[in-house]
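The values are calculated or read from the model by the stated rules, or taken from the named source; none is laboratory data. Not measured: the values here are computed from a predicted model. All Cβ positions, glycine included, derive from the backbone under ideal geometry; neighbour counts span all protein chains shown. Side chains included, ligands, DNA and RNA excluded: accessible areas come from the protein's heavy atoms. Shrake-Rupley method; radii C 1.70, N 1.55, O 1.52, S 1.80 Å.
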Amino acid sequence: MNNRFIPFISVLMTISMIVFVTLQLYWIKELYAALNQDFSNKVYAAMESAATKTQQLEVEKYLNIDNRNFANNIIDSSNLPTQTYIQQTSDSANRRTITFQKSIVENQNFPISPLGDSLLLTKLYTDEGILKIKTQENAAEPLTAQMSRDFNNNTYALREFAKLNASNLPVERRVNAAILDSVLSKELKLNGLNTKFGFAVIDKRSAMTKIVNDTYLEQKDKSNYTYPLFTDSKDRTLYTLALVFPRKDYSLAKNNLPMLLGTFMSLLTILGIYIISINYMMRQKKIAEVKTDFINNMSHEFKTPLATISVATDSLANDKIATNPEKVKYYSGLIKQENLRMKKQVENVLNMSKLERNEVNLFLKETDVRALIKELSESFGLIVAQRNGTLTQELRAERYVFKVDEFHLSNALINLLDNANKYSPDAPQIKVKTSNEGNWYVVEISDQGMGMDMGNKTRIFEKFFREETGNIHNVKGQGLGLSYVKKIIELHKGQVLVESQKGIGSTFTIKLPVV
């Protein structure tokens, strides 16, 4: 993918993701509103039924417990029974159909206290019937006495309604907290609401009565649901039932868990894919840039030896030099040296390729690591001395014979020493120190060079990565050395650590298990 399109595609993906997430959040908000409304409808339905049943229980208590001799009370039947007839006649050929409905309403008021409280008892008698009468064509048939008896002899269905108008009775005598709790629990469960609730009875002055449970007292500041519990004879609210649900949101989520979980999982999946895609594209862009730098560095690394070989070859073709054995030997050695240099660069790339494919097998054998480090330090010290630098050794480890791959470990140490030398702009001051920490053999290689930024400390072990100084070619390399070191030490089941400060220097620490 062309690097120029990556930012453009990233912006489009980001805009699309923002729109998608916004729509999802809006849908979740609307879903919550719908669930909340459904919850409220169920609560009000339960409260309405609970209020009706509480009123019925109040009447039953009054009739069966408080006033067992209710029949001996004075009856005020000022409202006389009423009877209503509704008839409809339709003619069809020689038949007449009479549809009738009868209803008789009887109201009775029973005083229950001298303060005006009363029990309103309403009896409703109802009956329906259909009569089909065969008549002669165009002949009128009067309503006979038998028909009237048929009407009046029907069996009536009786329904009785009772309402206690007790505006002067204290609420504690009208309702019991335990019974109200039981009725509310049952009605809420019947409406599919099985969650903790608090209840209270509020008077007409909006003051809390003694009919209240602990949950309501703890959560009274939360929004609640209210419904009329008791009214007077003119249907004015005397007492209000109030409910509060401390775990309402949890109940909504629990009852709709599969749908909400599916929504959130799909949202998280899309977000995850988006993040991975953006990260992948950025990594590809970075890898492309790093590979470009790598090719430039490799070109630079090969350019010098190729130019040297070219000059040496041309010199050997010169008759004056060809007849001089010393000159021939010198230029032949120069060609061989530069050829080995290019071969080493190629081997570095091939070794990293093998490490990436896990094709490198270590040949572990008992090795005197102290002697190995001493030999490498003394040999590399000659290179450091050419720059008027010093390489000091501080080999304090007492356990230094264990199994390692001598070839790869030597290469790793040489890479660290080479970095310490290359990134020391002045005369290098390098120190090699060894010690034992438990079952670890610790090697520290420190310098007083240019150091590095904190942000680069975690990236220097990435393949092809190089400090900016390296990218302008005043320090040669391909950015493979530290990556190689990390891979080799990890194959030895060891660790590589780095401490560095810009302008002060760096310390690389290798920890190898002594087994």
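I'd like to compare 493-501, 406-414: which one has the highest average count of other Cβ atoms within 10 Å, and what's the full order after that?
Going by the mean number of other Cβ atoms within 10 Å, highest first, we get 406-414, 493-501.
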| query | Quick one: with all protein chains in place, what share of the accessible area of the range 166-260 is carbon or sulfur, to the nearest percent (1.4 Å probe)? | reply | 47
| note | Net charge (Lys, Arg +1; Asp, Glu -1) of residues whose beta-carbon lies under 11 Å from that of L23, L23 excluded, is 0
| query | Using θ = phi - 60° and the Karplus curve 6.51 cos²θ - 1.76 cosθ + 1.60, what whole-Hz ³J(HN,Hα) does each residue of the range 7-16 get, with Gly and Pro shown as x? | reply | x, 4, 5, 4, 5, 4, 5, 5, 4, 4
| query | Based on the mean of other beta carbon atoms within 10 Å per residue, what is the order of 27-36, 421-430, most packed first? | reply | 421-430, 27-36
